[in-house]
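Colleague: Take this structure first; my questions come after.
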Amino acid sequence: VVVVLGHHRERIAATLADQAVTRVVNPDPKAPQNASLSLGLAALPDGLDGVLVTLADLPLIGPADISALLAAYETRPAGTRFVRPWVEGQPGHPVLFDAGVRREVLAAGPAGPGPAPARRDGARARGA
């Protein structure tokens with residue numbers, strides 16, 4: 001687990017003191033969200049099959065939501081590289097994507113488009 005810290009990093013880091021997580025500091029928390037995403041993805045080890053990304057300000061996301069997303073990813077159609085929930089026709093979080101998407105995001109850098117397959121493929125986590 002990687003946690004990217006930005007705004008209020010000292011307070012948040014203190015709450016993580018006993019957690020087995022990798023902490024990464026975004027030196028410019030006002031930068032676009034892709035900057036934090038790139039920092040977090042870069043801190044992950046190589047060899048992962050997929051990556052689940054969630055935002056810290058989603059207190060209503062629970063274990064059932066994560067389980068539904070994982071199930072959607074495991075049963076996704078061949079060639080689908082990215083799954084996410086949709087709520088009332090709007091894309092939501094968390095998102096889950098394969099290692100290839102991670103490499104694309106890292107190659108594009110912090111100013112890049114983020115997980116572009118989400119827009120290109122239109123893959124959805126149905127029921128999540």
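The values are calculated or read from the model by the stated rules, or taken from the named source; none is laboratory data. Given the structure is predicted, the values throughout are model-derived calculations rather than measurements. Virtual Cβ from ideal backbone geometry, glycine too; neighbours counted across all protein chains shown. Just so you know, the surface numbers come from the protein's heavy atoms only, side chains and all, with ligands and any DNA or RNA stripped out. Shrake-Rupley method; radii C 1.70, N 1.55, O 1.52, S 1.80 Å.
Colleague: To the nearest 500 deg cm²/dmol, what mean residue ellipticity at 222 nm is calculated for the chain from DSSP H runs of n ≥ 4 alone, each contributing -39,500 (n - 2.57), summed and divided by the residues? Let's see the in-between values first.
Modeller: On the way: 5 runs with 44 residues, N = 128.
Dividing the helical sum by the residues of the chain leaves -9500 deg cm²/dmol.
Colleague: When you take every Cα atom in the chain, what is the radius of gyration, and what is Dmax, the widest Cα pair distance, in Å?
Modeller: 14.7, 43
Colleague: In the chain, if the dipole is taken from +1 on Lys/Arg beta carbons and -1 on Asp/Glu beta carbons about the Cα centre, which of Val25, Val83, Leu70 is farthest to the positive end?
Modeller: The one lying farthest along the dipole's positive direction is Val83.
Colleague: If I stretch the segment between Thr15 and Ala99 completely, what's the gain in nm (0.36 nm per residue apart, minus their alpha carbon distance), one decimal?
Modeller: Gain on stretching Thr15 to Ala99: 27.3 nm.
Colleague: Can I ask one more? Distances longer than 17 Å among the Cα atoms of segment 63-102: what percent of all pairs is that?
Modeller: Looking at segment 63-102, the distances longer than 17 Å represent 29 percent of pairs.
Colleague: May I ask you to derive the relative contact order of segment 1-107, considering only C-alpha pairs under 8 Å and at least 6 residues apart, and to give it as an integer percent?
Modeller: The normalised contact order for segment 1-107 reaches 25 percent.
Colleague: What is the spin-label model distance, in nm, from Ala111 to Ala68 if the labels are put 7 Å beyond Cα along the C-beta direction?
Modeller: 3.8
Colleague: Right, something else. Using θ = phi - 60° and the Karplus relation 6.51 cos²θ - 1.76 cosθ + 1.60, list the HN-Hα couplings for segment 21-35 in order, rounded to whole Hz, with x at every Gly or Pro.
Modeller: Result, rounded to whole Hz: 10, 8, 9, 10, 9, 8, x, 10, x, 7, 5, x, 4, 4, 5.
Colleague: Roughly how many percent of the accessible protein surface of the chain is carbon and sulfur, given a 1.4 Å probe and a whole-percent answer?
Modeller: The computed percentage sits at 56.
Colleague: What full-extension length gain, to one decimal in nm, is calculated for Ala31 and Val2 as 0.36 nm per residue of separation minus the Cα-Cα distance? Can you show the working numbers first?
Modeller: Details: separation 29, 0.36 × 29 = 10.44 nm, distance 1.87 nm.
This chain segment gains 8.6 nm when fully extended.
Colleague: What whole-number value in Å² describes the accessible area per residue of the chain for a 1.4 Å probe?
Modeller: 62
Colleague: Continuing with the same structure: Considering the chain as a Gaussian network with a 10 Å cut-off on Cα pairs, which listed residue, Gly109, Gly62, Gly92, attains the greatest mean-square fluctuation?
Modeller: Gly62
Colleague: Continuing with this model, one more query. With only Lys, Arg, Asp and Glu charged, each at its Cβ (+1 for the first two, -1 for the last two), find how big the charge dipole of the chain is about the Cα centre; round to the nearest 20 debye. Intermediate results must be reported in sequence, preceding the final value.
Modeller: Numbers: 13 positive and 12 negative charges, 57 e Å.
Around 280 debye, computed over the chain.
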